[in-house]
Each structure stands twice: as C-alpha cells, then as structure tokens.
Amino acid sequence: MSERRVGIVGYGVMGRAHAYAYRTAPLIRPSATTFVPVAVSGRDAVRVGAAAASMGVEAMTDWRALVERADVDVVDICTPPGTHSLIAVAAAAAGKDVICEKPLAVTALEAAQALEAVRSAGVRHAVGFNYRRLPALSLMAQLISEGALGEIRLWRGTWLSDEFVDAAIPFDWRFERSMGGTTIADLGSHLVDLALWMVGPIVEVSATSSTFVTSRDSPEGPRMVEVDDASSALLKFAAGAQGTLEVARSAPRRPCDFVVEVNGSRGTAIFSYARLNELWVGYVDEDPRHYGLRRIRVEHPSHPQTAGWWPLGQGVGYDASLVNQAADLAAAWPDGSYEPDFVQGAAVVDVCAAMERSAAERHWIHVAP
C-alpha cells in the first residue's frame, strides 16, 4: 500500500467534497494506492481552521506554502475558477501532481498556460469533471462508443439552476468575470466535457447570452454584474453531428437540474440528473409493440462505475461520482494516466471561450484550440 499525500487549496463545498471522496474511496474500491489529505489552505484563518478540523488535516492560510510542502505529493485546487491556472502553474513548478476542479481556467490563454506548465514539469494532471463517473452517464458513453445507438446525429444538454434568481444576492466573486467565470464556463463546462467525451470535437458554435439582474449591491455600492445569467448555443461536431446547449442560473425551483440526450441512427438515450440512477433508451430495431423508451436502473454490477457500491436497488448519488473519481485516480498511480486531464480540460475551455465570443459578436465562431 502506498500513499499519495494531498494538499487541498480551498475549504469550501468542493474542498470538503474532495476530502470526503479521498477518505471514502478506499472503503468502496480498495487499491494499492490511496490519496490521503494532509493539509487544506484558505485565506480566512478561522474558517479554514474549522474546515481542517472537520477533515482531520492541518490548516494553512498561504496556498503557496502548501504547494511547497515536502509532505505534499498532489495539489488539489478547489478555489474559484479565476485562480485555477495560477495555482496549477505554481504546483507544477514545485513538481507536484495537480488535480483541478472545473473549469481548468476562465480563459483559453490561462488554460493553455496551465497545460504547458504540467507538460513542461512532467507531472500528472487531472480536471474534476466528476459527472463522467455517474454510472448512468458512463453507460450512455459506453453505448455510444460501442455503436449501440448507431451514428450519432444529435446531442443536447441543458443545465438549469436557481442560484442567481434572487436580485438581492449581493455582489461577490461569482459575478466577477475574471474570478468566477460565466454561466457558460461554470455550468456549461460540465456539459461541454460530456459532449466532447461522448461525441468528439466541437468545431463551431453559435451562442447567445443574457444578464437579467445587471447590478448587485456591494459594501462599496452597486456593482455591475459581469457574467451571464443564462446562455444557449448551437454546436457543430467534427463527426457531423449537431447539438444544442442551454445553461441558466436564473430558473426558479430548478436547484441543479441537468439533462443529456443523444439521438443516433439506431437509438436514443436520455439521462436526467433528477433521476440519476436511471438511463432511458430505445432502439429502432425493437419489437414495434414496445415502441418508445424503456428505463434502465443503472445499479447492476455489470454497469460501469458501480464497482464496490451498494446492492442493486439501493442507489448511488452525487458523492459516488466524486468517490469514483478519487478511486480512478488512485488506481492510475503509478503506471496509468489520469482522466480527464488538462488536455481535455483545455479543450473544454476552448469551446466555452468560443461560445462567449460568439454571444458577444453575434455570429458563428470556429473553435480554435
């Protein structure tokens, strides 16, 4: 048994989620390597101290000092997106493996800098697109790769939340473009990753964006909101398929609802996060008396990403996607490759950046890596 000691930068929801995943992964999917959190950093000494105590790790207020620690093998970045590239570059320079929450960066240039840093340093690198590890979405990708749905012709994804519905929410980093990123980069990055994973490169996009609450209160007075509340895009894939994408943080009573549908020449598959243990499928060559879609309970041991989890019928949840991610990374040490890596993370940023440019310039944009 070997240990990879992890320093987590950021103590918020994602920092706690990653710490939980590292602790839980050996219980679900034991492997020869374990990821063990040893420290967490944050600017607020009181809050990071409380978070560190709950995680059972050391608290730090200087992320640069955490990166330089001799007892840290892996730096896990769980801070606001605008800081991701800076921390990734520093971690790579220190010779650490890097795990970065999505999106890899808020601009294509920053993503390219992070990718170049890990390549030059020869360190391992991964991006936290954890929804790939949900069994139902993994099964959907498997069906596509095996050709069960035939030639993929249409892909569509929607992600609706009500995070910004309340106009009284004060201005913070989430509304600052350089720090929090747009709704396209935040919610859209997950959907774009799934689209690239399932269907392949996106070569052209046409997008539109809206900001409904244009200013928000701050201690210094009203500040202009720099990000979109909602965006939509048309997609063209290199393989010939077309797609649509819609993301919004202004949909009342939609807390975290995303849907992915794929239509091929031989069948259809639909996933809804509201019923995350299910995949709906239908094939053109089935008995016409059974016309329509049928529900698959994606909890059977034969399904991907179910290894080690609960008996059939007990379900898996959001936490399972993070635990599966941690387990996959541990299993990839030392001879395997991390997946998805910064190459794929940068490709997602390229597509999101093209959407943002398209929305601003109001025309189709070619996706240039």
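The values are calculated or read from the model by the stated rules, or taken from the named source; none is laboratory data. It should be emphasised that the depicted structure is a prediction, and the values quoted were computed from it without experimental measurement. All Cβ positions, even for glycine, are placed from backbone atoms using ideal geometry, and neighbour counts span all protein chains on display.
Some values worked out for this structure:
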{"item": "Residue match in the range 259-268 (condition: over 23 Å from the mean Cα position of the chain (by Cα), more than 12 Å from Trp159 (Cα to Cα), charged (D, E, K, R) and modelled with pLDDT of 95 or more)", "result": "yes"}
{"item": "Top-ranked residue of the range 318-369 - restricted to ones that are of a type in the set (Asp, Glu) and part of a helix (DSSP H, G or I), ranked as surrounded by the fewest Cβ atoms within 10 Å (Cβ to Cβ)", "result": "Glu361"}
{"item": "Single residue of the range 178-229 satisfying the filter (charged (D, E, K, R) and outside any strand (DSSP E or B)) that is surrounded by the fewest Cβ atoms within 10 Å (Cβ to Cβ)", "result": "Glu220"}
{"item": "Criterion: closer than 13 Å to Leu134 by Cα, of a type outside the set (Ser, Thr, Tyr) and not in a helix (DSSP H, G or I) - qualifying residue of Gly282, Gly308, Gly292, Gly315", "result": "Gly315"}
{"item": "Filtered residue count, the range 295-305, keeping only those that are in contact (Cβ under 8 Å) with a residue 40 or more places away in the chain and in a strand (DSSP E or B)", "result": "1"}
{"item": "Count of residues meeting criterion [surrounded by fewer than 18 Cβ atoms within 10 Å (Cβ to Cβ) and part of a helix (DSSP H, G or I)] in the range 144-173", "result": "2"}
{"item": "Members of the range 119-133 that are of a type in the set (Gly, Ala, Ser) and either surrounded by 24 or more Cβ atoms within 10 Å (Cβ to Cβ) or in contact with a Ser or Thr (Cβ under 8 Å, 6 or more places away or on another chain) (or both)", "result": "Ala126, Gly128"}
{"item": "Answer residue from the range 59-118, given it is of a type in the set (Ser, Thr, Tyr) and in contact with a strand residue (DSSP E or B) (Cβ under 8 Å, 6 or more places away or on another chain) and is surrounded by the most Cβ atoms within 10 Å (Cβ to Cβ) among those", "result": "Thr79"}
